[in-house]
Each structure stands twice: as C-alpha cells, then as structure tokens.
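Novice: The structure under discussion is supplied below as structure tokens; questions concerning it will follow.
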Amino acid sequence: MRHVVLASHHCFARGLADTLNFLGNSQPLDVICAYVDERPLESQVAGLFAEFQDDEVLVLTDILQGSVSQAFAPFMSDHVFLVAGVNVAVALELCLHEGPLTSELIDRAIETGRQSMRLINTYQANVSDDDE
C-alpha cells in the first residue's frame, strides 16, 4: 500500500490536495499544514509514521531546506521517498503512478516538473493551427 503525504508551511498542502483531486487523483492523501495551530510539526509527522508500518510512503513538501522537509528527513528509507519543492505537475504524475515507486521514476517526474515551468513572456511553443 502507498501513502501520500502533502506537507507545507501554512495551507499550500491543503490547496495542492484540492487541486490534485480536481485533476483526477483518487489516491488518499494525508495533509499536514504546518504552523497553522499549536500542534508541533514533529508530533504530527511521528503520528503519521506510527500508522504507516512498512508501507511505501511518498512525502511531497514545499521548500527544499525548509523546516517541513527537515521534519520528514529522519524517516527516509528505501520505501519512504521525500520530494521537496513539489509542484502540481510532479505531484500529479507521482500520485497517478500505479506501480511501485523508484528513485529513477521520481527523478524523471521531477525533470518533467522542471520542464513544465516556463516564463511565458519569452517562451515560444510549437503550436499548429489545429491546436486549441
């Protein structure tokens, strides 16, 4: 079984979950919005991992070296994957993937996410007249 955790400073994770579900995700999502109340982040993270046993876990966080990512780092293993700096493209691709996760698969999804970011002011797409 795979668990997907979306975690962020404030409410980004909740908004990302809402967007993923709107775009077709059917995977159950655990959401942690850090620092919106008095609950310590570390106890929220530990509480989640107490339930996960040896299941596959994908953790998607907002900021690479932020405190939220750091709170999940001690739990990384061969079946717990931590992806920081997530965007919708990466999250959707990984949530919709049905097979087991691998580092290589996640690296490809991250590269796809990078390629989906463009400054539209300077971007020239190859668009034909038939495209909408």
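The values are calculated or read from the model by the stated rules, or taken from the named source; none is laboratory data. Given the structure is predicted, the values throughout are model-derived calculations rather than measurements. Using ideal geometry, Cβ is built from the backbone for each residue, glycine included, and neighbour counts are taken over all protein chains shown. Note: areas computed on protein heavy atoms with side chains; ligands, DNA, RNA excluded. Shrake-Rupley method; radii C 1.70, N 1.55, O 1.52, S 1.80 Å.
Novice: Looking at region 91-101, can you tell me whether even one residue there is in contact with a Gly (Cβ under 6 Å, 6 or more places away or on another chain) and of a type outside the set (D, E, K, R)? If you could, list the steps in order and put the result at the bottom.
Specialist: Filtering region 91-101 for residues in contact with a Gly (Cβ under 6 Å, 6 or more places away or on another chain) gives none.
No, that holds for no residue.
Novice: Quick one: which of VAL68, VAL31 is over 14 Å from LEU94 (Cα atoms) and in contact with a His (Cβ under 7 Å, 6 or more places away or on another chain)?
Specialist: On the way: VAL31 fails: in contact with a His (Cβ under 7 Å, 6 or more places away or on another chain).
Sole residue among the options that is over 14 Å from LEU94 (Cα atoms) and in contact with a His (Cβ under 7 Å, 6 or more places away or on another chain): VAL68.
Novice: Another question about this same structure. Being loosely packed, with under 11 Cβ neighbours inside 10 Å and either in contact with a Pro (Cβ under 9 Å, 6 or more places away or on another chain) or of a type outside the set (Asp, Glu) (or both) narrows it down to one of GLY113, GLY24, GLY47, so name that one.
Specialist: GLY24
Novice: Find the residue count for region 6-21, including only residues that are open to solvent by 90 Å² or more (accessible area, probe 1.4 Å) and assigned to a loop (DSSP other than H, G, I, E, B).
Specialist: 1
Novice: Would you list the strands (runs of 3 or more DSSP E) that sit entirely within region 22-132 and hold 3 or more residues that are within 14 Å of the chain's Cα centre (by Cα) and touching a residue at least 40 places away in the same chain (Cβ under 8 Å)?
Specialist: Details: elements: 29-34, 56-61, 80-83.
Here the list reads 56-61.
Novice: For region 111-118, does any single residue satisfy the condition of being modelled with pLDDT of 95 or more and on the phi > 0 side of the Ramachandran plot?
Specialist: no
Novice: Scan region 59-71 and give yes if some residue there is in contact with a helix residue (DSSP H, G or I) (Cβ under 8 Å, 6 or more places away or on another chain) and farther than 20 Å from HIS9 by Cβ, otherwise no.
Specialist: No, region 59-71 contains no residue that is in contact with a helix residue (DSSP H, G or I) (Cβ under 8 Å, 6 or more places away or on another chain) and farther than 20 Å from HIS9 by Cβ.
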